[in-house]
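First comes the structure, then the notes that go with it.
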Amino acid sequence: LTDRLSNAFKHLKSKGKLSEADIDGTIREIRRALLDADVSLEVVRSFTGRVRERALGEEVSQALNPAQQVVKIVNEELTAILGAGVDRPLNFAKNPPTIIMLAGLQGAGKTTLAGKLGYWLKDAGHTPLLVAADLQRPNAVTQLQVVGERAGVPVYAPEKGVQSDGGEAVAAPGQTTGDPVKVARDSIEFAKRKLYDVVIIDTAGRLGVDEELMKQARDIRDAVHPNEILFVIDAMIGQDAVKTAKAFDEGVDFTGVVLSKLDGDARGGAALSVASVTGKPILFASTGEGLKDFEVFHPDRMASRILDMGDILTLIEQAQKQFDEEQAREAASKMSEGTFGLDDFLEQLQQVRKLGPMKNLLGMIPGMAAHRQALEQLDEHEIDRTEAIIRSMTPEERRNPKIIDGSRRARIAYGSGNTVSAVNGLLERFEQASKMMRRMTNRAGMGGIPGFGG
Ligand code: GDP
Ligand code: MG
């Protein structure tokens, strides 16, 4: 997919103004590249339709560099399909235990994922319990027990209750009898009694979609009312992704998707199809057989991966910079009108945050070392804290930070879970930034004559 897309953009790069024929040529290449990557036809059609419409619109014809703008549009549309540009966190129950059910075809990676998810949750301070509700396949229970032992997460299995606690698996070889619905239901009671706060239910899969399997999954779902039903799909499945995803969407109405085997050759075709066809968010990616080969899915990073080529990334980055400059100009004009508030500041921070994933990618491109240093100074936690503080302010306070006196500072600190000195620090930095921007604005107003800055 990557190479094809990079070809699609190659002939755009050197162009200034783009004609409709240029754009159509590029769109044709993009279409071919996506189809080659097993993205489904209907997804490809709607995708290229949207890109074409935007590419022919004003934002491209008025852009300083139209080709970059087209690349940026492609990136944005990819990100939008993959999850509206935001990470979707796990949905936890208000009253524990949180119940997570895994569904998907045999071999999709459910059991492996159960271990990874358990490990990840445990690491985050939770007390997960894995539940062996796959009683279809010989040794499925044993497999989960091995996985649980490796992850140090207890496993609830039929008949004997907890088979392994704190990682000590007791094998129950070849256990294939029993009622998976009952196991699931009992496991929830067990988790409540023993105060496990997340229950991960591993279910059976078949090699193809089959109604009996789907009914069993539905019965488990209706017995335990999961907070999340995660549909696990092998990213290398190709064109079948759409059919399978639709079947599970109709069959169990899953709440989120996990892409497994993203460590393989798959370049995101399945991700694009599944997300687009079901409209369901992708929550996690599984990237290997090890416990730690697991990550929270970031739509923007996946979009970048699909467009993963040095020159294309550079183009996007330049387009991004151009975009940021526009934002900065807007902010500057607000400054000179005296209407630049903390709300605007927050917006700018989010711009900076958007560079986050870009930061990682840029680091890999030769010749970007100079930028790297500046980028590395962006601290996600710092931005988080600043955001929390601004969000704890009233609209009036954001518009007019001068009114934030001592008691307001204390309230904001308390409300955002920060210290008063963190609030003070932010207000100071905002004041400095305002001053600097005022200076920049004035200088621009004076035709850039030095010495006329505020
Ligand atoms: P299940 O039938 O859905 O429970 O699938 P399993 O968890 O048993 O996984 C099937 C096979 O795929 C096993 O050999 C796993 O080791 C392998 N597997 C699962 N997830 C990944 C992954 O993210 N990357 C790779 N390379 N292999 C995986
Ligand atoms: Mg399994």
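Bear in mind that the values in this text are calculations on the coordinates, not laboratory data. Worth saying up front: this structure is predicted, and the values here are computed from it rather than measured. When we count neighbours, we look across all protein chains shown, and the Cβ atoms used for this are built from the backbone with ideal geometry, even at glycine.
Numbers at a glance
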read-out	value
Positive-end extreme of charge dipole, the stretch 98-297 - chosen from Ser276, Ala241, Ala191 (charges on Cβ)	Ala191
Sorted by Cβ density within 10 Å, fewest first, the residues Ser434, Ser19	Ser19, Ser434
Karplus (6.51, -1.76, 1.60) ³J(HN,Hα), θ = phi - 60°, over the stretch 128-140, in Hz, Gly and Pro reported as x	x, 10, 8, 10, 8, 9, 9, 10, 7, 9, x, 6, 5
Likely footprinting exposure, Lys72, Lys402, Lys116, Lys182, fewest C-beta neighbours within 10 Å first	Lys402, Lys182, Lys72, Lys116
Phi-based couplings in Hz for the stretch 147-153 (Karplus 6.51, -1.76, 1.60; Gly and Pro marked x)	4, x, 5, 4, 7, x, 10
Percent of alpha-carbon pairs separated by more than 22 Å within the stretch 98-297	41
Residues with amide H under 5 Å from that of Ala133, placed H, sequence gap 5 or more	Asp202
Distance in nm between pseudo-label sites at Gln239 and Glu431 (7 Å out along the Cβ direction from Cα)	6.6
Built amide H within the under 5 Å cut-off of Arg206, gap 5+	Gln106
Amide H contacts under 5 Å for Thr98, placed H, 5+ residues apart	Ala93, Val198, Val199
The stretch 411-423 - phi-based ³J(HN,Hα) in whole Hz, Karplus 6.51/-1.76/1.60, Gly and Pro as x	5, 5, 4, 4, x, 9, x, 10, 8, 4, 5, 5, 5
Residue order, fewest to most surrounding Cβ atoms within 10 angstrom, among Val274, Val60	Val60, Val274
